[in-house]
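The values are calculated or read from the model by the stated rules, or taken from the named source; none is laboratory data. Everything numeric here is computed off the predicted structure, so don't read it as measured data. All Cβ positions, glycine included, derive from the backbone under ideal geometry; neighbour counts span all protein chains shown. Note: accessible area is taken over every heavy atom of the protein model, side chains too, but ligands, DNA and RNA are not part of it. Shrake-Rupley method; radii C 1.70, N 1.55, O 1.52, S 1.80 Å.
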Amino acid sequence: MTTTASGSLWRARDFRRYAGADAISKIGSQVSLVALPLTAAITLRASPFQVGLLTAAEMLAFLLVGLPAGAWVDRMPRRPVLVAADVVRAAALLSIPAAAAAGVLGLPQMYAVALLTGVCTVFFDVAHQSYLPAIVGPRGLARGHGVLAANISVAELSGPAIGGWLVQALTAPAAVVADALSYVGSALLLVRVRTDERRGQAGEQFEGRGEGVRGGLRSEIAEGLRFVLGQPVLRRVAMVGALTMTSFGLWSATVPLYLVRKVGVSPGAYGTLLSAGAAGGVFGAWLAPRAVARMGTGRAMYASALAATLFIPPLVFTAGGARLLIFPAALAASGVATTVFSVAQGTYRQSICPPHLLGRLSATMRFLMWGPAPLGGLLAGTLGQLAGVRVAFWTACGAYALAHVPILLSPGIRRLGRD
């Protein structure tokens, strides 16, 4: 059932299942965001460089299969891709506690699991984003993206705290089970989604796709690249994404080491700090569709990029005692801004994209945005090893603060009309 009126999203059974699967899997992923690096750092006593390498391994998939994934997904119904990705990720993650229980868990297995789950995540994310227009219809895009952004925020609010306390109460490898089970739950919901992707706007994806399919995989990839690179706003958004994900690579490898080893917080407190900081994202997800409707996508992108640039720098002052409160406060404020930006740019890019290019649009943007992320993980590991974890943490905060500057320097972004 395709929803055409944005106000009726939650009355559509397929959208509830689609959004519910997304919420469950994202909460599990946030648990692993805490559990995987802590497994390496605490259980396996990994060095800063080894933790950075683990982060890089998980994100390397966006470089390896980021572009062809879009072309492949555009050739297939999205729902089977989503279910298969969930099942494989669950199996891969369950191998970690199994190996730990047998006493054979090592870093090579951690790297292999990170890479495999990363590949599955690429396919899942591309198919998931491409499936949304078929489910909500063109009029429901902004509200649909707002729901997905809310899922991210709720997951960031609850998942790290769950992960941190599971690590503290049980062990880091055992906490990974929660993520594996979340993928199982997501798959069970997705197999019950019945939206026909051949109907309405999405129908062009499977009937007469035209030039892309006839030209083969290489021309399909090139078509997606030409579309993105031919759009000035999308080029700017891709630059922001690339800088943001490089910062995320730095952040993911550095923050657990800084807060746990340098500041001295417990695994449970570490997860709670991440969750408290994500509270802003929940408000941002509520605010985003309203900001887009009132301001238009261009002005909403500009205002939220400016806010993110101003709110992130205070993170560098995080330390023990009362100054620890700076971390969740600054993270919450920046979470509002970055969530509004994410919804605005996601709405804009899908509103201008031809239906048969949706998969390649998502994959190309993911490739351009996430491709540099492994470099961030490697840079974090190198900085942490050579200059210390504190310098690596400061670098991650500085990189995040500068990530949205390309949008602020875009001369025409604020002139984009209302959608």
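Quick check: is even one residue across region 78-89 in contact with a Gly (Cβ under 8 Å, 6 or more places away or on another chain) and either open to solvent by 40 Å² or more (accessible area, probe 1.4 Å) or farther than 30 Å from Ser219 by Cα (or both)? No: region 78-89 contains no residue that is in contact with a Gly (Cβ under 8 Å, 6 or more places away or on another chain) and either open to solvent by 40 Å² or more (accessible area, probe 1.4 Å) or farther than 30 Å from Ser219 by Cα (or both). Scanning region 42-55 for residues that are more than 15 Å from the chain's Cα centre (by Cα) and either open to solvent by 10 Å² or more (accessible area, probe 1.4 Å) or over 12 Å from Ala172 (Cβ atoms) (or both) yields Ile42, Thr43, Leu44, Arg45, Ser47, Pro48, Phe49, Gln50, Val51, Gly52, Leu53, Leu54. Being modelled with pLDDT of 80 or more, under 23 Å from the mean Cα position of the chain (by Cα) and either within 30 Å of Gln385 (Cβ to Cβ) or surrounded by fewer than 22 Cβ atoms within 10 Å (Cβ to Cβ) (or both) holds for only one residue in Ala35, Ala21, and it is Ala35. Is region 343-363 home to any residue that is of a type in the set (Gly, Ala, Ser), over 22 Å from the mean Cα position of the chain (by Cα) and at pLDDT 85 or above? No, region 343-363 contains no residue that is of a type in the set (Gly, Ala, Ser), over 22 Å from the mean Cα position of the chain (by Cα) and at pLDDT 85 or above. Among the numbered conditions (1) in contact (Cβ under 8 Å) with a residue 60 or more places away in the chain; (2) aliphatic (A, V, I, L, M); (3) crowded, with 17+ Cβ neighbours inside 10 Å; (4) within 28 Å of Ala142 (Cβ to Cβ), the only one that Ala380 does not meet is (4).
In region 310-354, how many are outside any helix (DSSP H, G or I), open to solvent by less than 50 Å² (accessible area, probe 1.4 Å) and either within 25 Å of Val391 (Cα to Cα) or of a type in the set (A, V, I, L, M) (or both)? Reasoning before the result, please.
If we filter region 310-354 for residues that are outside any helix (DSSP H, G or I), which is where we start, we get 312, 318-320, 352-354.
Narrowing the set further to residues that are open to solvent by less than 50 Å² (accessible area, probe 1.4 Å) leaves 312, 318-320, 353-354.
Now restrict to residues that are either within 25 Å of Val391 (Cα to Cα) or of a type in the set (A, V, I, L, M) (or both): 312, 318-320.
Selection size over region 310-354: 4.
When you look at Ala307, is it part of a helix (DSSP H, G or I) and under 21 Å from Ile152 (Cα atoms), yes or no? In short, yes. The residue that is least open to solvent (accessible area, probe 1.4 Å), counting only those in region 133-145 that are at pLDDT 75 or above and closer than 27 Å to Ala332 by Cα, is Gly144. When Ala305 is tested against the conditions (1) without any contact (Cβ under 8 Å) to a residue 12 or more places away in the chain; (2) within 19 Å of Leu368 (Cβ to Cβ), the lone failure is (1).
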